[in-house]
Amino acid sequence: MRLSTRGLAVKGIDLSFDVKVDGKVLGTLLVPEGGLDWRPKHVRRHNPIQIGWTEFARWAESDND
């Protein structure tokens, strides 16, 4: 599956995706304006794990083997 938001302005709106592997939900990925928020399904916490866009870019471009 592919989702493209090219040309779509989402100012002030958070996007939310349920992340599944083999039909099982791993968690929810929220995409607010300031970065990414991850809410794992197996962790019962009100505050998501947060990562800013700069930190995400560094992680994505690093060697993560």
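The values are calculated or read from the model by the stated rules, or taken from the named source; none is laboratory data. Note that the structure is a prediction, hence the values are computed from the model and not measured. Cβ atoms come from the backbone with ideal geometry, glycine included; neighbour counts cover every protein chain shown. Heavy atoms of the whole protein, side chains included, go into the accessibility calculation; ligands, DNA and RNA do not. Shrake-Rupley method; radii C 1.70, N 1.55, O 1.52, S 1.80 Å.
Assorted remarks:
- Close Cβ contacts (under 6 Å, 6 or more residues apart or on different chains) running from residues in the range 12-32 that are open to solvent by 80 Å² or more (accessible area, probe 1.4 Å) to residues that are of a type in the set (Ser, Thr, Tyr) comprise 18/28.
- Pairs meeting the criteria (first residue in the range 40-62 and over 19 Å from residue 20 (Cα atoms), second residue not in a loop (DSSP other than H, G, I, E, B), beta carbons under 7 Å, at least 6 apart or on different chains) are 50/35; 50/37; 51/35; 51/36; 52/35; 53/35; 56/35; 56/36.
- Subset of the range 34-53 (residues that are open to solvent by 50 Å² or more (accessible area, probe 1.4 Å) and under 19 Å from residue 15 (Cβ atoms)): 34, 38, 39, 41, 47, 49, 50, 53
- Residue ranges of strands (runs of 3 or more DSSP E) in the chain with at least 1 members at pLDDT 90 or above and touching a helix residue (DSSP H, G or I) at 6+ places or on another chain (Cβ under 7 Å): 35-40
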